[in-house]
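Remarks on the structure that follows.
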Amino acid sequence: METRSGCVESGRQQPKAPVYERRVEGNVLIILLGAVFVLAIIGAAVFEIGNAARDRALKTRERDRAVAGIEFDLEGMRQTVAHELEDQAWLDVAGLDNSEDQRSGSTDSGYYNIGLQTEAPGQIFATQLHNTLQSLDAPDDPFRGASAIVNTFTMTAGAQSLIAPSDQRFNLPALQLTPQISVRQIPVSEFTLLSGTTLQLSQIGGTAGRIHSEGDLIVSGGQVTSLYPVTAAGNISLADNGSLLVQAGPNQSPLSFPVESTADSNWLALARSTLRSTILSGRDLPMGMVQAAGIDQLTAQPSSVPPASALAQQQLWRQCSRTVLESGGVVDLYDSGGGRVTGQEAKAFSRTQSPNHPAGVIVFDLAKAPPGPGRNSFYIASSNPDAVVLIRNGRSLPSDLSVISPLLIAVEGGFNDQGARRAGSLVSATDVIGVPVGW
C-alpha cells in the first residue's frame, strides 16, 4: 500500500493555478486600462467644457462691451444734437456719423470696431411755426398729452469683429442695431408752469396744467394739484406741509406723491409702477431741454443778427403783426411787411417821462387802438436799453394779445382780469411788473 501510494505520488504533476484565478487577474488589467481610458475621455471633455465656457464668457463680455460702446456713442450723439440746436438753431444730421476704430483688438480696447451712421442725410431747423404739431401720447412719455414738432431719424449702429476667421482666438459675431433719435420742439404754451431753474410752488387754487422745472421742484405750504404729468430735471420734494396730487388724465383719479423727495431710496420702485410715470424726476429718467435761442436772442431787435442765419429766424419780432421802435423820443409803428403805419392805430403809442422811471416810458394805450384779428401781436423796442414799456387800459381785452419786448414791461392797473378772458402773453427779456394807475 505504501509503495502504490508512493508511485502514485511520484507520478503526479504540480497542480496549476485554477483557471478562474487567471481570468480574475486578466479582468483587473482590462478594467484598469478601461478606467484610464474613460478618465482620459472625461478629462478631455472637462477641458473642452471649460474651454467652451471660457469662450462663451469672453464672447458675452465682448458683446456686452460692444453694446455699451454703442450706447455710450449714442449718448454722445444726443449731446451733440442738443449742443448744435442750442448754438446754431439747426442740426446737420449727415454730420452725426461716428466711428471708433480699435485697429488692434485687445482686452483693453475690446475686439470690436463700433460705427454709427445716419440712414439718410438731412437738416433739422428750429422753428417758430406750429403748423406741424403732433400729439405725444406714449404712456411713459414724460411730456405725454403735449403737442410738439417731431423730427425722427434712424441710426445704423454696427459692431464689427476684429478677429479674423483664420485667427486661433474665439470667433465673435457682428452686431447691428437701429436706434432712433427724436428731436421734439415743444412750444412754451404747452406748459402751464415752466421754469428754467428751480421752481418753488405754494398752494395753488384749482387744478394746474402741465408743470416742468429744469431744476428742482419744491412744493410747500399746502396742496398743489396738476392735471398732467409733473416733471423736473432735478429732484421733486415736499416741504413745510406741502403735498402734490397729479392726474394722468382728465378722467383718472389723482395720485398722491408718496414720499418727501425723489431722493428717497423707495422712490425708484414707485416712479414707473405705482405712479405709472405720472411724476418723474431727473433721477428716474434723464431729462433736459435746450432752447435754440435764449430770451435775449428771442427778443433781440431786427438789426442785431444777420437775417440769413437760423438764429435770426428765432427772433420773435418776425412773428408779430406790428413792430414799434422808439428812438430819440420818436415812436414809429410798422406792419409785418415793413410798411409804416399811421393814423389812429399809431396814436396808441407814445413816449413820455415818468418820475418813477426817468430813462423814458413807451406807452401802449389799448383804449386808443384795441387789438383785433390780424393785429394783436406787438414787438416794442427802444434805442435806450433802460426804457420801459407801459401798458394801459388792459383789464378788459377785446381780442387775444401778445406783447414782446427786450425792455421791462409794466402793466398799469391790472391785465386781462375783467370781462371775457382772452389768450394774453407778455414776454420780456427783463421783467414784467404791475404798477398802480398814474404811475
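Could you check segment 299-328 and list, in sequence order, the residues that are among the basic types (Lys, Arg) and either exposed (fewer than 14 other Cβ atoms within 10 Å of the Cβ) or under 26 Å from His83 (Cβ atoms) (or both)?
If we filter segment 299-328 for residues that are among the basic types (Lys, Arg), which is where we start, we get 318, 322.
Of everything in segment 299-328, just one residue is among the basic types (Lys, Arg) and either exposed (fewer than 14 other Cβ atoms within 10 Å of the Cβ) or under 26 Å from His83 (Cβ atoms) (or both), namely Arg318.
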Cross-chain or 6+ apart pairs with Cβ under 9 Å, segment 119-132 first and in the same structural domain as Gln185 (by TED's automatic domain parsing) and in a loop (DSSP other than H, G, I, E, B), then loosely packed, with under 12 Cβ neighbours inside 10 Å and of a type in the set (S, T, N, Q): Glu119/Thr178
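Which ranges mark the strands (runs of 3 or more DSSP E) fully within segment 377-418 that have 1 or more residues being under 17 Å from Val435 (Cα atoms), charged (D, E, K, R) and at pLDDT 90 or above?
Because the criterion is at least 1 residues that are under 17 Å from Val435 (Cα atoms), charged (D, E, K, R) and at pLDDT 90 or above, the strands (runs of 3 or more DSSP E) in segment 377-418 that meet it are 388-392, 408-412.
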Test: residue in segment 324-341 that is without any contact (Cβ under 8 Å) to a residue 24 or more places away in the chain and under 21 Å from Gln185 (Cβ atoms): no
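Using the structure shown, decide if Ile181 is closer than 30 Å to Gly249 by Cα, touching a residue at least 40 places away in the same chain (Cβ under 8 Å) and of a type in the set (Val, Ile, Thr).
Details: closer than 30 Å to Gly249 by Cα: yes; touching a residue at least 40 places away in the same chain (Cβ under 8 Å): yes; of a type in the set (Val, Ile, Thr): yes.
Answer is yes for this residue.
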Subset of segment 135-159 that is over 14 Å from the mean Cα position of the chain (by Cα), part of a loop (DSSP other than H, G, I, E, B) and in contact (Cβ under 8 Å) with a residue 24 or more places away in the chain - its residue that is nearest to Gly110 (Cα to Cα): Pro139
Given (1) surrounded by 18 or more Cβ atoms within 10 Å (Cβ to Cβ); (2) out of contact with any Asp or Glu (no Cβ under 7 Å at 6 or more places or on another chain); (3) not polar (S, T, N, Q), index of the condition Val259 fails: (1)
Output for segment 421-437, where each listed residue is part of a loop (DSSP other than H, G, I, E, B), farther than 18 Å from Ser321 by Cβ and within 38 Å of the chain's Cα centre (by Cα): Arg421, Ala429, Thr430, Asp431
Arg276 being within 30 Å of Ala292 (Cβ to Cβ), among the basic types (Lys, Arg) and touching a residue at least 60 places away in the same chain (Cβ under 8 Å): no
Qualifying residue in segment 361-381 (condition: buried (at least 18 other Cβ atoms within 10 Å of the Cβ), within 39 Å of the chain's Cα centre (by Cα), at negative phi and small (Gly, Ala, Ser)): yes
Selection from segment 223-247 of residues that are over 19 Å from Asp140 (Cβ atoms) and touching a Ser or Thr at 6+ places or on another chain (Cβ under 6 Å): Gln223, Thr225, Asn235, Ser237, Ala239, Asp240, Gly242, Leu245
Leading residue by the ranking (nearest to Asn393 (Cα to Cα)) among those in segment 414-439 that are surrounded by 12 or more Cβ atoms within 10 Å (Cβ to Cβ) and of a type in the set (A, V, I, L, M): Val435
Filter result for the condition that a residue is aliphatic (A, V, I, L, M), closer than 30 Å to Asp140 by Cα and in contact with a strand residue (DSSP E or B) (Cβ under 6 Å, 6 or more places away or on another chain), over Leu316, Leu325, Leu285, Leu275: Leu275
Matching residues, segment 152-174, being surrounded by fewer than 18 Cβ atoms within 10 Å (Cβ to Cβ) and either modelled with pLDDT under 85 or touching a helix residue (DSSP H, G or I) at 6+ places or on another chain (Cβ under 9 Å) (or both): Ile163, Ala164, Pro165, Ser166, Asp167, Gln168, Arg169, Phe170, Asn171, Pro173
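For Gly337, are the conditions met, namely being of a type outside the set (Ser, Thr, Tyr) and either within 18 Å of Gln301 (Cβ to Cβ) or not assigned by TED's automatic domain parsing to the domain that holds Asp417 (or both)?
Values: of a type outside the set (Ser, Thr, Tyr): yes; either within 18 Å of Gln301 (Cβ to Cβ) or not assigned by TED's automatic domain parsing to the domain that holds Asp417 (or both): yes.
Yes, satisfied.
Please state which one of Leu199, Leu177, Leu194 is closer than 24 Å to Gly282 by Cα and surrounded by fewer than 18 Cβ atoms within 10 Å (Cβ to Cβ). Step through it out loud before you land on a result.
Numbers: Leu199 fails: surrounded by fewer than 18 Cβ atoms within 10 Å (Cβ to Cβ); Leu177 fails: closer than 24 Å to Gly282 by Cα.
Within the list Leu199, Leu177, Leu194, the selection yields Leu194.
The values are calculated or read from the model by the stated rules, or taken from the named source; none is laboratory data. Every value quoted in this text rests on a predicted model; they were computed, and no experiment measured them. When we count neighbours, we look across all protein chains shown, and the Cβ atoms used for this are built from the backbone with ideal geometry, even at glycine.
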